[in-house]
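Scroll down for the structure; my scribbles are underneath it.
The values are calculated or read from the model by the stated rules, or taken from the named source; none is laboratory data. Bear in mind that the values here come from a model prediction, so they are computed numbers and not experimental data. All Cβ positions, glycine included, derive from the backbone under ideal geometry; neighbour counts span all protein chains shown.
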Amino acid sequence: MTQASPPARFKGTDSYLTHEGLQAAVNCALTLQRPLLVKGEPGTGKTLLAEAITQTLGLKLLTWHVKSTTRAQDGLYVYDTVQRLYDSRFGDGDVRDIRRYIRMGPLGEAFSSPERVVLLIDEVDKADLEFPNDLLHELDRMRFRITETNDEVAAKHRPIVVITSNNEKELPDAFLRRCVFHFIDFPDADLMRRIVDVHHPGLDTALAEQALKVFYELRGFTRLRKRPSTSELIDWIAVLKAQGVQDVKLDENVPFLGALLKKEQDLVAVAEAFGRGRRSRA
């Protein structure tokens, strides 16, 4: 396996604004060549971080979306027995060549790539408890054998691995010990103003300040089951602009509230907060 030369320092991008703590965590992971584990509530930019790293370093991005049924083996390769059976029945292709039916998973692609890549393993906490340790075992070995063909795949370059978690379950200590960790705090008002300016350049200052005030007031509601995230704020402002809304405030007539709140219970909670006993206009 080729040892990668020290990569360029990560400082965020024009569209992914960050802060010193997150930059330090990314650069630490790049230096140590260890997986970067990022946690934080939905909408804090965990997934987009991998894209920003990819853009900064000029590398290819591979994405592995973890599900409850995901196993580490799935990331290496799968043997497509269904396609082979189909071909044997209908005579499409040489079924004796098993290599035709080996499909590389995201880990397999990363290991077999002739160039270094960024590998995003998204929402690792969705899988069972054994998955994280099995995953790091494969990342440590950086090689695997395809049982059906006895071929060995050995990594030429160690991928840059970004692992995200929504903090829905505890991860094993052994897994945590072998990662660089960072918790992405929700953006404060100053950073959020910069984020809004990136997505909505030239936005009327008064509307921007009013929208941010409503947004953070809503996030302060203790009864909300799902607080609005950054992406929902960006979408809400886009609707306000498109509809020519010039003035917003948190009352029973918040315009297009359904762009911010996505649960019926939360809409009811906001309506009841103003003594109306009904949902705000969405």
Task: Selected residue [of a type in the set (A, V, I, L, M, F, W, C), more than 18 Å from Phe175 (Cα to Cα) and in contact (Cβ under 8 Å) with a residue 60 or more places away in the chain] from Leu62, Leu48 - done: Leu62
Open item on the list: Could you go through the range 205-212 and let me know if any residue there is modelled with pLDDT of 95 or more, assigned to a helix (DSSP H, G or I) and charged (D, E, K, R).
Closed with: yes
Task: Criterion (more than 18 Å from the chain's Cα centre (by Cα) and under 18 Å from Thr149 (Cβ atoms)) met by exactly one of Tyr101, Tyr86 - done: Tyr101
- [ ] Among residues belonging to the range 73-110 that are among the aromatic types (Phe, Trp, Tyr) and out of contact with any helix residue (DSSP H, G or I) (no Cβ under 8 Å at 6 or more places or on another chain), point out the one that is modelled with the highest pLDDT.
- [x] Tyr86
- [ ] Check whether at least one residue in the range 168-181 is among the acidic types (Asp, Glu), without any contact (Cβ under 8 Å) to a residue 12 or more places away in the chain and in the same structural domain as Tyr101 (by TED's automatic domain parsing), and report yes or no.
- [x] yes
Task: Criterion (outside any helix (DSSP H, G or I), touching a Ser or Thr at 6+ places or on another chain (Cβ under 7 Å) and in contact (Cβ under 8 Å) with a residue 40 or more places away in the chain) met by exactly one of Val248, Val254, Val270 - done: Val254
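For the range 235-251, which positions are surrounded by fewer than 17 Cβ atoms within 10 Å (Cβ to Cβ) and either at pLDDT 90 or above or in contact with a helix residue (DSSP H, G or I) (Cβ under 9 Å, 6 or more places away or on another chain) (or both)?
Asp235, Ala238, Val239, Lys241, Ala242, Gln243, Gly244, Val245, Gln246, Asp247, Lys249
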- [ ] Can you work out which of the residues in the range 261-282 that are of a type in the set (Lys, Arg) and exposed (fewer than 13 other Cβ atoms within 10 Å of the Cβ) is modelled with the lowest pLDDT?
- [x] Arg278
Open item on the list: Exactly one of these conditions fails for Asn166: (1) closer than 21 Å to Lys126 by Cα; (2) touching a strand residue (DSSP E or B) at 6+ places or on another chain (Cβ under 7 Å); (3) surrounded by fewer than 17 Cβ atoms within 10 Å (Cβ to Cβ). Give me its number.
Closed with: (2)
- [ ] Within the range 125-163, track down each residue that is among the small types (Gly, Ala, Ser) and surrounded by 14 or more Cβ atoms within 10 Å (Cβ to Cβ).
- [x] Ala127, Ala155
- [ ] Would you please list the contacts, defined by Cβ atoms under 6 Å and residues six or more apart or on different chains, that run from a residue in the range 131-154 that is under 19 Å from Tyr79 (Cα atoms) to a residue that is modelled with pLDDT of 90 or more and polar (S, T, N, Q)?
- [x] Val153/Ser112
Open item on the list: I'd like to know if the range 102-124 contains one or more residues that are farther than 19 Å from Leu61 by Cα, of a type outside the set (Gly, Ala, Ser), buried (at least 20 other Cβ atoms within 10 Å of the Cβ) and touching a residue at least 60 places away in the same chain (Cβ under 8 Å).
Closed with: no
- [ ] Given the conditions (1) surrounded by fewer than 16 Cβ atoms within 10 Å (Cβ to Cβ); (2) modelled with pLDDT of 90 or more; (3) among the β-branched types (Val, Ile, Thr), report the number of the one that Thr56 does not fulfil.
- [x] (1)
Open item on the list: For the range 210-230, check the following and say yes or no: at least one residue is at positive phi, without any contact (Cβ under 8 Å) to a residue 24 or more places away in the chain and not basic (Lys, Arg).
Closed with: no
